[in-house]
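In what follows, a structure is listed as structure tokens, so that the remarks can point back to it.
The values are calculated or read from the model by the stated rules, or taken from the named source; none is laboratory data. A quick note: this is a predicted structure, and the numbers were derived from the prediction, not measured. Please note: Cβ atoms are built from the backbone with ideal geometry, for glycine as well, and neighbour counts cover all protein chains shown. Only protein heavy atoms, including side chains, enter the accessible area calculation; ligands, DNA and RNA are left aside. Shrake-Rupley method; radii C 1.70, N 1.55, O 1.52, S 1.80 Å.
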2 protein chains.
Amino acid sequence: MSIDNHLHNQATTGEWPPKDNVNPDTALVVNDGVAQPPIINPYMKVVKKRPALLSVEEYLEGIFAANTTILSKAITLVESALPAHRVLAQKIIEGCQKYNSERGFESMRIGITGVPGAGKSTFIEAFGGMVTDKGHKLAVLAIDPSSEKSKGSILGDKTRMETLCNNPKVFIRPSPSAGSLGGVARKTRETIILCEAAGYDVVFIETVGVGQSETAVHSMSDFFLLLMLSGAGDDLQGIKRGIMEMSDLIAITKADGTNKDKASMAKALYANALHLFPPTESTWTPTALTSSAVTKEGLPEILAKIEEYFALVKGNGYYAHKRREQAKFWMYETINESLKNSFYENPLIEECIGNYEASVLAGKTESFTAAEELLEMYYKRKEAENRE
Amino acid sequence: MSIDNHLHNQATTGEWPPKDNVNPDTALVVNDGVAQPPIINPYMKVVKKRPALLSVEEYLEGIFAANTTILSKAITLVESALPAHRVLAQKIIEGCQKYNSERGFESMRIGITGVPGAGKSTFIEAFGGMVTDKGHKLAVLAIDPSSEKSKGSILGDKTRMETLCNNPKVFIRPSPSAGSLGGVARKTRETIILCEAAGYDVVFIETVGVGQSETAVHSMSDFFLLLMLSGAGDDLQGIKRGIMEMSDLIAITKADGTNKDKASMAKALYANALHLFPPTESTWTPTALTSSAVTKEGLPEILAKIEEYFALVKGNGYYAHKRREQAKFWMYETINESLKNSFYENPLIEECIGNYEASVLAGKTESFTAAEELLEMYYKRKEAENRE
């Protein structure tokens, strides 16, 4: 299913099942009599219907049957802010979670990031094709808060992933557009569960190489792949420090043509550097490889490395351990996010915090004094609110 | 002033100024008549006096005059959990903060961590001596929550820092013993401000190379020094991934005797590896050096590098920028910590969260469902509490 279909499905607002070729936004209410050409009444208002929701069972059945239209609709619910949608989404997620664990479904969740210019989309296009050729079903998700979207998340890259878009074994979903990283991360994590219930056994979670999103991706993937360019130094401008030490594999991209030797040299350098890092908890030894999305050279080796990793961690129990730890992490992370939102979105705090921050930045107020005063305000206001 | 004196001062509970050799725990109330041997009355209760607190002005005057006894007492207030002490401490901190900024006092806050066995105490002993020989006044602080204390914070290392302990230009203060990392970090950060007001222009903040404390140290120091051993790989077991990319300088310790060649090789390897990292925000290029606490070789080069760093960041404005960002960071960090404490220390949550976590770990409950249920409980309980 192509990304265009998904976008179409998302935009659909008619009843279920949808009537083909009817755009409900412009559809007119006609009488049910004998067939006749539609009467266009200029005084009649366009009736915009809310989409009729399926039942939890219908969603689950559709997802388990790998119906991508229903999967897309379920993901839209996951991404929705409406309380009714959230309740329904929660039930769907739980159903999928249960289904996955009951049939012992073991996916490979692969986080992918890279320095700007490393050709992430081109890599995913070429590598994704190879993954499906090997018989896998692939879901490509993204996690980038809307503000960062322009810097290169899937929607913008659509054109660079044309083959993948039309590959029936691939499901592509752009990053949820809602605000905070915490919110986007939650939605992406829930989307992974839904995709796995629909049989996608390889999940790419891509992110741009800036900001905090790598940590979020790291905390929801089994394997972390970092795409780098051959020239160190200047090319590294766009990437955050600390990402290299999170990586399970560094792939030097664009190792073709005149760039090939430079890429091999970079590979050797990075391999050496990785060797100096503290050992990973998984006992895996991260390494560096070269690859070319043009000649496809190096891609089979990358897949082989990834498979080797999964064989190792499934064997030594780290795979299950990490999944459990991630589940725990997200429970606490969600709580902490919610507590913070409740504070920072309080109107009184929103009004005052700017001044406090400015005063702290100017060295006029001590950080802890500012924090304590704001907290006192918040708790007093909360108390007053509850008394009302 | 030696560490013993500090410990003695902390334990003192008599009035101010303390009477030498009188232990107030066992002192008896005697009449004020002519001098006579104390009458021991077995029916008389031992009167345990609380230490009389000085006024804010007295504390500030003492600190500004570099009176280490008063400085120690003020730090004890900072570390205290008593509300009255907190109020007083806050005023002292603000006074010191104001004093530091008014006289444009610019210190060098140096975070130091290292792999286990790298000889952190021995390094600090030798390097600290060199720093004071150069005319600096040095404060050595630590940040390690109590549970990690046995792994090597200053108190345990007292014997390995004997020269430094008796150096009048050095002020050593062990890590506050109170619980959470957040709390310890706050206290250490406040202690830095007090020490600077007392004229200590170089501050070492040391931490053991495990857990989250490096990040905390990193967020309160200007420069981050990582001590490493010559053999990579196995020696790195004790250190967390990601620390290397935080470092401004890696010092390979124990570069003496038969270990010298190995250390030089390690230095070259690490220098190469550091070169592959993304550039630092400060535009500083982290590097690696060798050093020996025995022969003192390499120590002057390390100090020169640190001075070079401070010249760079003071020149390009990063020094002031980072200090401001840290102040902002700690304002938000304190708020977030407090919000979390209020939740996790709520008796209802404390009672239930274990079961939820177990259920999430077992894959029975979805992370986000568990989080939402716990949050709902918490807010309902809060509301009920406020209504009472």
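Taking a ≥ b ≥ c as the square roots of the eigenvalues of the Cα gyration tensor, an a/c ratio of 1.5 or more together with a/b no larger than b/c marks region B:162-202 as oblate. Close amide-amide hydrogen proximity is noted between B:Ile252 and B:Met228, B:Leu289, B:Thr290, B:Ser291, each under 5 Å apart and 5 or more residues distant or on a separate chain (H modeled in the peptide plane; Pro and chain starts excluded). Counted by Cβ distance under 14 Å from A:Glu297, the other residues give a net charge of +1, where Lys and Arg count +1 and Asp and Glu count -1.
Couplings 3J(HN,Hα) of region B:63-68, computed from phi: 5, 4, 7, 6, 7, 5 Hz, in residue order, whole Hz [Karplus 6.51 cos²θ - 1.76 cosθ + 1.60, θ = phi - 60°; x for Gly and Pro].
Within a Cβ distance under 10 Å of A:Ser180, other residues only, what is the Lys/Arg minus Asp/Glu net charge?
+1
When a/c is below 1.5 the answer is rounded, else prolate if a/b is larger than b/c, else oblate, so apply that to region A:221-312 with a ≥ b ≥ c taken from the square roots of the Cα gyration tensor eigenvalues. Since a/c reaches 1.5 but b/c is at least a/b, the shape of region A:221-312 is classed as oblate. For A:Ala311, the point set 7 Å out from Cα toward Cβ sits 5.5 nm from its twins in the other copies, listed from shortest up. Backbone amide hydrogens, once placed in the peptide plane, bring B:Arg109 within less than 5 Å of B:Val203, B:Asp222, B:Phe223, excluding anything fewer than 5 places away on its chain. When A and B come together, around 6100 square angstrom of accessible surface is lost from both chains combined, probe 1.4 Å.
Close Lys pairs in region A:239-363, defined as Cα atoms under 15 Å apart and 8 or more places apart or on different chains, number 7. Between identical copies, the spacing of B:Ser80 label points, each set 7 Å from Cα toward the C-beta atom, reads 5.7 nm from nearest to farthest. Remark on region A:178-336: hydrodynamic radius 17.0 angstrom, per the Kirkwood mean of 1/r across alpha carbon pairs.
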